[in-house]
Amino acid sequence: MGWKAAQKLIRNWKILRGDNVMIIRGKDKGETGTVKRVVRSQNRVIVEGKNLVKKHIKQGQGHEGGIFTVEAPLHVSNVQVVDPVTGKPCKVGIRYLEDGGKVRVARGIGASGAIIPRPEILKIRTTPRPAAPGPKDTLMEFVLEKTYNSKTGEGMPNL
């Protein structure tokens with residue numbers, strides 16, 4: 001990727017993995033699908049079962065060769081999130097709730113303004129958090145130990 005393309009990378013992504021999107025340009029125009037993967041380094045998304053291309057793979061050690069059908073990435077400008085109420089493509093805006101929470105809302109011409117829910121797949125962790133402390137974890141007694149007193153200046157290192 002050249003430096004010009006790197007300048008145009010999207011900083012604040014509105015489309016997330018697991019979103020229901022409609023393809024608005026290309027050979028699959030008008031079809032809807034779920035975002036399987038987001039490639040942020042290229043501003044592209046892979047939609048499940050859409051933009052299929054034939055790929056010739058050479059036979060190698062441990063795998064068979066042949067012609068396979070795979071999903072090719074689409075540029076993010078060619079897809080839009082589907083409004084959950086109307087079922088039409090819409091832009092995504094951000095609104096803050098009274099309690100301080102941030103939600104995505106449908107906006108644009110003909111949009112309902114409804115809240116677009118965060119995909120459930122993002123709530124599932126790929127690697128679970130360890131339940132028991134490991135050998136490199138700091139013990140809680142050392143974490144809670146008070147080593148500096150701000151009023152007396154006790155524990156201050158000599159610089």
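The table below lists the values:
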quantity: Residue within the stretch 131-143 that is within 30 Å of G101 (Cα to Cα) and either in contact with a strand residue (DSSP E or B) (Cβ under 9 Å, 6 or more places away or on another chain) or part of a loop (DSSP other than H, G, I, E, B) (or both) present; calculated: yes
quantity: Filter result (touching a helix residue (DSSP H, G or I) at 6+ places or on another chain (Cβ under 6 Å) and assigned to a strand (DSSP E or B)) within the stretch 24-51; calculated: V45
quantity: Residues (aliphatic (A, V, I, L, M) and surrounded by 14 or more Cβ atoms within 10 Å (Cβ to Cβ)) located in the stretch 86-102; calculated: V92
quantity: Those residues of the stretch 2-23 which are among the hydrophobic types (A, V, I, L, M, F, W, C) and either surrounded by 10 or more Cβ atoms within 10 Å (Cβ to Cβ) or modelled with pLDDT of 95 or more (or both), in sequence order; calculated: A5, L9, I10, W13, I15, L16, V21, M22, I23
quantity: Subset of the stretch 114-130 (residues that are in a loop (DSSP other than H, G, I, E, B) and either surrounded by fewer than 10 Cβ atoms within 10 Å (Cβ to Cβ) or over 29 Å from the mean Cα position of the chain (by Cα) (or both)); calculated: I124, R125, T126, T127, P128, R129, P130
quantity: Within the stretch 61-102, tally of residues that are part of a strand (DSSP E or B) and over 22 Å from the mean Cα position of the chain (by Cα); calculated: 5
quantity: Set G65, G26, G60, G33: member being over 22 Å from A106 (Cα atoms), surrounded by 12 or more Cβ atoms within 10 Å (Cβ to Cβ) and either free of Cβ contacts under 8 Å to residues at least 60 places away in the same chain or among the basic types (K, R) (or both); calculated: G26
quantity: Set L144, L74: member being more than 20 Å from N12 (Cβ to Cβ) and not polar (S, T, N, Q); calculated: L144
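The rows are residues; the columns are (1) closer than 16 Å to D83 by Cα; (2) β-branched (V, I, T).
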residue: N12; (1), (2): no, no
residue: L16; (1), (2): yes, no
residue: R37; (1), (2): no, no
residue: N51; (1), (2): no, no
residue: K54; (1), (2): no, no
residue: I57; (1), (2): no, yes
residue: I67; (1), (2): no, yes
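The values are calculated or read from the model by the stated rules, or taken from the named source; none is laboratory data. These figures come from a predicted structure and were not determined experimentally. Methodologically, a virtual Cβ is constructed for each residue, glycine included, from the backbone with ideal geometry; neighbour enumeration extends over all protein chains shown.
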